[in-house]
Amino acid sequence: MFRKVHYRLTLLCAGITIFILLVMSFIYLYVSETGLKQSHFLSFQRDAGTLIANFEQQAVITHTWLSQMESLNAFTISITDNGVPLLFSEREQDEKRKNTEQEALEYYHSHFAVLLVDSGSRSRSYHTEFSFTSSTQEDYYVSYACLPSESGETQLLILSPMEPLNLQIRTQRIRFACIDLSAALLLFLFSFFFTKKILIPVEENRLEQIRFVAAASHELRTPLAVILSCTGAIRGHNGKKALPEEEETFLNTIYSEGQRMKRLIDDMLFLSRADSHSFSVNQEPIEPDTLLLNSYEAFEALAAEKNISLRIFLPESALPPCLGDSERLRQLIAILLHNAVSYTPESGTIRLSLTCSKGQKTGNTALNRGDSYTIAVTDNGIGIPDEEKSRIFHRFYRSDRSRSTKEHFGLGLCIAEEIVHSLKGTIRVEDTPGGGSTFLVQLPFLPVP
Ligand code: ADP
């Protein structure tokens, strides 16, 4: 699936950029070729005009002058007197040239001659420049001039092949085709690697989802199997119905496994709401000291059960009320305390503390906007190896040491992290000096307006 999307995105990305490149190239070529043709035609008009003016000033037309003019301008010149070819027009017996000149004359007579005769220009000299294509598919610029003479009229036909211009245009087109082709190849390669790079987070997300679903199904399968086997035993599916005193035990097991499933589903729903940014955060006035005290009291009994000493440390002067979400904060502290109790052996110690830190150094000791307070849960339990510290916040991550406990799914810390982020705070874990772990949650102090 990923590969298919990658190829499609590459094609789309490369297709659009290559299309834009081609359109730009065509526009450039069109403008450049039009300009080139115009400037060549103007230059031909200018050269032909000069030649005709020179011709008019010459008393005697010699072969040498004519040959010089022809080679200087890359022209072919033919002169007729009252329609009769002059001697020097017969210099070349080239059939092809004669035919081309004949065709050019016919073209001139069919397209321009009538207009000029009608406008009464016979009494003075005139010349017309135009382009035409011969029957051999060769392009020429042509200038046809009529000059009044003593004997009547002298006609001058000048032909200039457009081959140099066409060659220039062809070379430019080939150059552009090569540039466009290499650019298209580069764009394709770029699109391939670019789209691959931008798809990496999408792919990682997809794999994460797959892992999440697999882990969730795995976690749900165990309690479900226990529930099914207990109900099977109560109903006597294996041919032996449970005794009434056994039934009570089975029902208790079904209940506790049901509770476990419910906890897991609640956790997963929380995370899915966090993923879709649809869980709400309240900003109500809270008293952090009181909140910590309540959490401490809630866990006192559980800690005592394991013979763990749970202690609380609050600032000497109580923190002023601030804005926060008491329900989420309670949930956060409960996760950290629950973990601390779970991963601290008997006779251990857990410390729950609250400290405040000033953001800016002002003489004033009271907390303001920009300051923060830190909730720390410190235990002297089994501790977390350095290589696991970043992984413990991943979904369904459980260290091997905690896999045996049914109480843990490996979702607690990632829920804690989501809560902290929703409150614009930070969470980190450090080693407790002497052994154990310390979880530090830093939250912004938002004064009650
Ligand atoms: P779990 O439900 O397994 O506790 P968590 O996300 O809360 O899931 O924690 C992930 C892992 O982090 C645990 O499996 C455990 O290995 C480690 N961990 C969390 N808190 C502590 C702690 N206080 N001391 C040692 N290890 C801890």
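Before moving on, here are some points about what is shown:
- Counted charge near Ala104, where neighbours are those whose Cβ lies closer than 14 Å (Asp, Glu -1; Lys, Arg +1): -3
- Förster radius 35 Å - calculated FRET efficiency between Leu36 and Trp65 (Cβ-Cβ, nearest 0.05): 0.70
- Separation of the alpha carbons by more than 28 angstrom is noted, of Lys196/Lys424; Lys306/Lys424; Lys37/Lys98; Lys4/Lys424, for Lys196/Lys424; Lys306/Lys424; Lys4/Lys424.
- Label-to-label distance, His421 versus Thr50, with points set 7 angstrom from Cα along the beta-carbon direction: 7.7 nm.
- Counting only protein heavy atoms and a probe of 1.4 Å, the accessible surface of the chain is 59% carbon and sulfur.
- Peptides 431-441, 196-206 ranked from most to least packed by the mean count of surrounding Cβ atoms within 10 Å: 431-441, 196-206.
- Nitroxide proxy distance, nm - points 7 Å out along Cα→Cβ at Gln57 and Ser43: 2.3
- Summing Cβ point charges (Lys, Arg +1; Asp, Glu -1) relative to the Cα centre of the chain gives a dipole of roughly 1560 debye.
- Checking every one of the GluC sites (Glu not before Pro) in the stretch 260-338 against DSSP loop status and a limit of 11 other Cβ atoms within 10 Å picks out Glu316.
- The chain, helix-only ellipticity at 222 nm - DSSP H runs n ≥ 4, -39,500 (n - 2.57), divided by all residues, nearest 500: -19000 deg cm²/dmol
- Treating r as the C-beta distance of Arg170 and Val23 and R0 as 25 Å, the FRET efficiency rounds to 0.75.
- Between Val5 and Glu248, full extension at 0.36 nm per residue minus the direct alpha carbon distance yields a gain of 81.9 nm.
- Of all aspartates and glutamates in the structure, the ones whose alpha carbon falls short of 15 Å from that of Lys96, not counting any fewer than 8 places away in one chain, are Glu138, Asp139.
- Summed side-chain charge close to Ala304 - residues other than Ala304 whose Cβ falls under 14 Å, Lys, Arg +1, Asp, Glu -1: -2
- Proximal charge balance of Phe2 [Cβ under 10 Å; K/R count +1, D/E count -1]: +3
- The stretch between Leu147 and Ile265, if pulled fully straight at 0.36 nm per residue, gains 32.0 nm over its current Cα-Cα span.
- R0 of 30 Å, Cβ-Cβ distance Asn205-Gln442: FRET efficiency to nearest 0.05: 0.60
- Protein heavy-atom accessible surface, 1.4 Å probe, per residue over the chain: 59 Å².
- Packing-based ranking of 277-284, 349-356, 159-166 yields 349-356, 159-166, 277-284, ordered from highest to lowest mean Cβ neighbour count within 10 Å.
The values are calculated or read from the model by the stated rules, or taken from the named source; none is laboratory data. These numbers were taken from a predicted model, which means no experiment stands behind them. Here Cβ is always computed from backbone atoms with ideal geometry, including for glycine, and neighbour counts include all displayed protein chains. Remember, those area values only see protein heavy atoms, side chains included, never the ligands or the DNA or RNA. Shrake-Rupley method; radii C 1.70, N 1.55, O 1.52, S 1.80 Å.
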